[in-house]
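For reference, the structure discussed in these notes is given below.
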Amino acid sequence: MVIARSEDITQLGQLVSPETLEKLRALDYNACFALIVFRGLQGNTGYSVEIERVVRQGYHLSVYAQFRYPQPGGGMNPTMNSPFHVVTVTTGGTWGEEFSLDLYARVASQSHRIP
């Protein structure tokens, strides 16, 4: 979700914490905008999402995020929650046009040495 103006904050409703709403209200939207990626409603703790990078190419934004799952055997609480991550993007240069946005999700990553 893109929050490009303070008026856009109202569409969040109760999807984010009151602290996050206050931080979003304090942003200078003449100098930046906010991107929010939601993990969706989860039935227990241990799930998360993290925006790793945002790449701009012309009038296109690519958002790369990692979606994490609970660790096997890890402590999970059966609590409904909706993980999200917010980043701000500075708007230096020209941004007065409509942009397209793609979200690329990394759900797993491993490193191996292959002899």
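Descriptive notes on the structure:
- Every residue from region 28-39 that is touching a helix residue (DSSP H, G or I) at 6+ places or on another chain (Cβ under 9 Å) and either outside any loop (DSSP other than H, G, I, E, B) or farther than 22 Å from residue 90 by Cβ (or both): 33, 34, 36
- Residues in region 68-98 that are surrounded by 14 or more Cβ atoms within 10 Å (Cβ to Cβ), in contact with a strand residue (DSSP E or B) (Cβ under 7 Å, 6 or more places away or on another chain) and either of a type outside the set (Lys, Arg) or at pLDDT below 75 (or both): 81, 82, 83, 84, 85, 86, 87, 88, 89, 91.
- Looking across region 49-65, just one residue is buried (at least 17 other Cβ atoms within 10 Å of the Cβ) and farther than 18 Å from residue 20 by Cβ, and that is 61.
- Those residues of region 1-27 which are at pLDDT below 95, surrounded by 10 or more Cβ atoms within 10 Å (Cβ to Cβ) and in a loop (DSSP other than H, G, I, E, B), in sequence order: 1, 4, 5, 15, 16, 17
- Among the residues listed as 96, 46, the single one being over 14 Å from residue 2 (Cβ atoms) and more than 18 Å from the chain's Cα centre (by Cα): 96
- Test result for residue 46, of a type outside the set (A, V, I, L, M, F, W, C), on the phi > 0 side of the Ramachandran plot and surrounded by 11 or more Cβ atoms within 10 Å (Cβ to Cβ): yes
The values are calculated or read from the model by the stated rules, or taken from the named source; none is laboratory data. Keep in mind that what you see is a predicted model, and the values were worked out from it rather than measured. When we count neighbours, we look across all protein chains shown, and the Cβ atoms used for this are built from the backbone with ideal geometry, even at glycine.
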